[in-house]
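Here the structure comes first, spelled out in structure tokens, and everything after it is commentary.
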Amino acid sequence: MSNTSPRRHRLQVPPERAGKRLDVFVAEAVPGLTRSRAKHLIREGQVTVAGRPTKPSHRVAAGEEITVLVPPPRRISVEAEDIPLDIVYEDADLILINKPAGLVTHPAPGSPRHTVVNAVLAHCRDLSGVGGALRPGIVHRLDKNTSGLLLIAKNDFAHQRLTEQLRTRTACRHYLALLYGDLPEEELTVDAPLGRHPIERTRMAVVPTGRPARTTFRVQERFGDFTLVEARLHTGRTHQVRVHSAYIGHPVVGDPLYGRRSARRRAPAHESELLRLLTQLRGQALHAQRLIFAHPRTGEVREFTAPLPEDFARLLAYLRRRGG
């Protein structure tokens, strides 16, 4: 089959999968397919149940025959830009970069240029197209104002296997986050579903109808009115660490979206040096520090870390000198 032909998947629903939404079932059954992509294909009529198109919310029944047509990736239409990259690791299958705060991961409305994708295209022209025309090679994303490790696939083979590891949670992502306040527990797991805020649509929120989301916070250092934690993602929802930390009353320092209501109240006004360092943060004090995954080609488990950005490191150094 040529790379211009659609991939056809013929599926049969096993008894243990009966009752799942069609978009969920398809995303879990077809390698490299996200739920949002599955939903889009269903709405386009590329997914049929017993030969007929239906809705993403259709509940599959045991024994149902499902056909999925996955069109070939669209031609990459993003302009390459000569933007410096901090490359942590690279081989024939993948690139791992240390993304700075302030750099958007991929083009989107409002950010059509000057993104990681534009930069990587200038470095490497043969990226995976599985992610679509505007997200070539992107395996997962980081928020614009979050720094740290970002994984990019160079081919479809690597892309499918890496995204599958994230979906099945066999790949591990660990963040360092500086939170406002003194977190009472040494370790805390937040299991709270996330979805769009019912009123402010640019925000995410803990909502009963949201998608399952789970984050474990483990205290690394305490500074009295601040706590440095390691946050481990068990799921990969939009703004997950930021929303979950705000949900427990300890938002990420410098977060303009979820920490805005508490930043002024919690920051001690009498410490001019601390306030100066807080205002110098390029983004929120959230850094994707550690990533563990199996190499898509060899299966070898690899672990990578990325140093903190200078503004985050300076703030921590001050807090350590100041003490609790």
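Could you look through the stretch 156-173, keep only residues that are in contact with a strand residue (DSSP E or B) (Cβ under 6 Å, 6 or more places away or on another chain) and surrounded by fewer than 20 Cβ atoms within 10 Å (Cβ to Cβ), and pick out the one that is modelled with the lowest pLDDT?
Top of the filtered list is GLN165.
Within the stretch 70-87, is even one residue loosely packed, with under 15 Cβ neighbours inside 10 Å, at pLDDT 85 or above and not in a loop (DSSP other than H, G, I, E, B)?
yes
Considering the stretch 302-324 alone, what residues qualify as being within 20 Å of the chain's Cα centre (by Cα) and not polar (S, T, N, Q)?
Within the stretch 302-324, ARG302, GLU303, PHE304, ALA306, PRO307, LEU308, PRO309 qualify.
How many residues, within the stretch 136-155, are touching a Gly at 6+ places or on another chain (Cβ under 7 Å) and either modelled with pLDDT under 85 or outside any loop (DSSP other than H, G, I, E, B) (or both)?
Adding up the residues that qualify gives 6.
Out of the residues in the stretch 215-243 meeting the condition of being charged (D, E, K, R) and at pLDDT below 95, tell me which one is nearest to GLU185 (Cα to Cα).
ASP225
Restricting the search to the stretch 230-245, which residues are closer than 15 Å to ALA205 by Cβ, surrounded by fewer than 24 Cβ atoms within 10 Å (Cβ to Cβ) and of a type in the set (A, V, I, L, M)?
none
Would you confirm whether any residue within the stretch 286-296 is under 30 Å from THR168 (Cβ atoms) and charged (D, E, K, R)?
Looking through the stretch 286-296, at least one residue is under 30 Å from THR168 (Cβ atoms) and charged (D, E, K, R).
For the stretch 157-202, give me each residue that is within 18 Å of the chain's Cα centre (by Cα), touching a residue at least 24 places away in the same chain (Cβ under 8 Å) and part of a loop (DSSP other than H, G, I, E, B).
Listed by number, the residues that qualify are ARG169, THR170, ALA171, ALA192, THR202.
ARG203 - would you say it is surrounded by fewer than 17 Cβ atoms within 10 Å (Cβ to Cβ) and touching a strand residue (DSSP E or B) at 6+ places or on another chain (Cβ under 7 Å)?
Answer is no for this residue.
Might you let me know whether the stretch 26-47 holds any residue that is modelled with pLDDT of 90 or more and in contact with a Phe, Trp or Tyr (Cβ under 6 Å, 6 or more places away or on another chain)?
no
Do we have any residue at all in the stretch 245-261 that's modelled with pLDDT of 95 or more, under 27 Å from LEU151 (Cα atoms), hydroxyl-bearing (Ser, Thr, Tyr) and assigned to a helix (DSSP H, G or I)?
yes
For the stretch 284-304, name all the residues that are assigned to a strand (DSSP E or B) and either without any contact (Cβ under 8 Å) to a residue 24 or more places away in the chain or of a type in the set (D, E, K, R) (or both).
Residues of the stretch 284-304 that are assigned to a strand (DSSP E or B), as a first pass: 286-294, 301-304.
Answer for the stretch 284-304, where residues must be assigned to a strand (DSSP E or B) and either without any contact (Cβ under 8 Å) to a residue 24 or more places away in the chain or of a type in the set (D, E, K, R) (or both): ARG290, VAL301, ARG302, GLU303.
When you scan the stretch 225-243, how many residues do you find that are of a type outside the set (Phe, Trp, Tyr) and in a strand (DSSP E or B)?
First pass over the stretch 225-243, keeping only residues of a type outside the set (Phe, Trp, Tyr): 225, 227-243.
Of the ones still in play, those that are also in a strand (DSSP E or B) are 227-233.
Going through the stretch 225-243 one residue at a time, the tally reaches 7.
The values are calculated or read from the model by the stated rules, or taken from the named source; none is laboratory data. As the structure is a prediction and not an experimental result, all values here were calculated from the model. Methodologically, a virtual Cβ is constructed for each residue, glycine included, from the backbone with ideal geometry; neighbour enumeration extends over all protein chains shown.
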